[in-house]
1. Based on what the data block shows, is Ala86 more than 17 Å from the chain's Cα centre (by Cα) and within 16 Å of ligand 1 (Cβ to nearest atom)?
2. Tell me, yes or no, whether region 115-128 has at least one residue that is assigned to a loop (DSSP other than H, G, I, E, B), touching a residue at least 24 places away in the same chain (Cβ under 8 Å) and away from ligand 1 (no atom under 14 Å from the Cβ).
3. For Arg165, only one of the following conditions fails: (1) in contact with a Leu (Cβ under 6 Å, 6 or more places away or on another chain); (2) more than 24 Å from Gly69 (Cα to Cα). What is its number?
4. Return only the number of the condition from (1) β-branched (Val, Ile, Thr); (2) in contact with a strand residue (DSSP E or B) (Cβ under 7 Å, 6 or more places away or on another chain); (3) outside any strand (DSSP E or B) that Val138 does not satisfy.
Amino acid sequence: MTQAPINGQAEGGLEPIIRCRGLTRTYIKGDNTITPLAELDLDVARGEFIALMGPSGSGKTTLLNLVAGIDKPTSGSLRVGGVELADVSPSRLAAFRSEYIGYVFQLYNLVPVLTAYENVELPLLLHRLSGRERHQRVATALQLVGLADRHDHFPRQLSGGQEQRVAIARAIVTDPRIIVADEPTGDLDKESAAAVMALLEQLTAEMGKTIVMVTHDPKSAAHASRVLHLEKGRLVVQDERFATLAGA
Ligand SMILES: Nc1ncnc2c1ncn2[C@@H]1O[C@H](COP(=O)(O)OP(=O)(O)O)[C@@H](O)[C@H]1O
Ligand SMILES: [Mg+2]
């Protein structure tokens with residue numbers, strides 16, 4: 001790969017937390033080959049808040065799934081936290097996900113028969129923790145998203161914005177280094193969207209989390225430190241002034 005990445009070189013020689021080189025994902029469907037991601041070069045530094053924009057079908061979710069280790073590259077290199085994800089074994093990949101990744105979805109994906117507390121607790125059941133420590137972590141996560149008083153509510157008893165905040169608490173309860181979010185405000189009213197964005201911003205500013213967020217909403221993208229545009233599986237524009245131009 002001779003071409004420099006489109007942007008975001010790591011500073012001070014530290015490897016970026018996400019590093020893609022020639023990252024390609026191809027699906028074969030009958031006689032057709034679909035290439036949702038084509039030869040992508042990208043560096044994301046620790047603590048960056050990336051907004052990923054682009055038309056439907058441009059490869060945004062594919063990129064998130066690759067970074068999250070729930071899909072594998074067809075070719076090219078994808079290093080996350082210094083680990084080459086194409087090469088790791090399934091068990092190592094599970095450990096990687098649990099250490100590195102919190103995933104936030106557009107439609108929250110809460111388990112309807114579990115309370116807010118139990119939903120947030122769920123990922124911790126894969127960790128070896130005492131009951132006391134588990135409780136402490138769940139309580140802290142719910143407090144951070146401002147929903148400590150709703151711990152015993154079921155998802156149907158919460159607003160969309162509250163459901164998404166529970167989903168964020170669930171994503172961060174394991175203290176992952178990276179949060180990937182796929183249109184996290186796509187189904188929310190303006191006010192709830194603003195609350196969710198403020199929360200994500202707080203996670204980078206105060207806890208140093210790296211965030212990669214897909215959004216169609218310029219207002220949400222304006223919260224990011226960098227906006228990337230995908231088109232047909234390629235990065236097309238990079239505009240660091242976007243945040244200022246779009247206004248808050
Ligand atoms: N598992 C899959 N099998 C076949 N094609 C897929 C699969 N996942 C995604 N695609 C195709 O890849 C392209 C990009 O999809 P996606 O990454 O979901 O786009 P976006 O999130 O930007 O809307 C689409 O054409 C989609 O149909
Ligand atoms: Mg998508």
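Every read-out reported here was derived from the displayed coordinates using simple, explicitly stated rules and does not represent laboratory data. Keep in mind that this is a model prediction, so the values were computed, not measured. Methodologically, a virtual Cβ is constructed for each residue, glycine included, from the backbone with ideal geometry; neighbour enumeration extends over all protein chains shown.
1. The answer is no for Ala86.
2. Scanning region 115-128 turns up at least one residue that is assigned to a loop (DSSP other than H, G, I, E, B), touching a residue at least 24 places away in the same chain (Cβ under 8 Å) and away from ligand 1 (no atom under 14 Å from the Cβ).
3. Tallying (1) in contact with a Leu (Cβ under 6 Å, 6 or more places away or on another chain); (2) more than 24 Å from Gly69 (Cα to Cα), Arg165 fails exactly one: (2).
4. It fails just one condition, (2).
Okay, residues lined up against (1) surrounded by fewer than 19 Cβ atoms within 10 Å (Cβ to Cβ); (2) of a type in the set (A, V, I, L, M); (3) more than 16 Å from ligand 2 (Cβ to nearest atom):
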site	(1), (2), (3)
Val180	no, yes, no
Pro184	no, no, no
Asp187	yes, no, no
Lys190	yes, no, yes
Ala193	no, yes, yes
Met197	no, yes, yes
Gln202	yes, no, yes
Thr210	no, no, yes
Val214	no, yes, no
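For every residue, the table says whether it meets (1) hydrophobic (A, V, I, L, M, F, W, C); (2) over 19 Å from the mean Cα position of the chain (by Cα); (3) near ligand 1 (Cβ under 10 Å from one of its atoms); (4) in a loop (DSSP other than H, G, I, E, B).
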| position | (1), (2), (3), (4) |
| --- | --- |
| Ile34 | yes, yes, yes, no |
| Leu37 | yes, no, yes, no |
| Asp41 | no, no, no, no |
| Leu52 | yes, no, yes, no |
| Ser56 | no, no, yes, yes |
| Thr61 | no, no, yes, no |
| Asn65 | no, no, yes, no |
| Asp71 | no, no, yes, yes |
| Leu78 | yes, no, no, no |
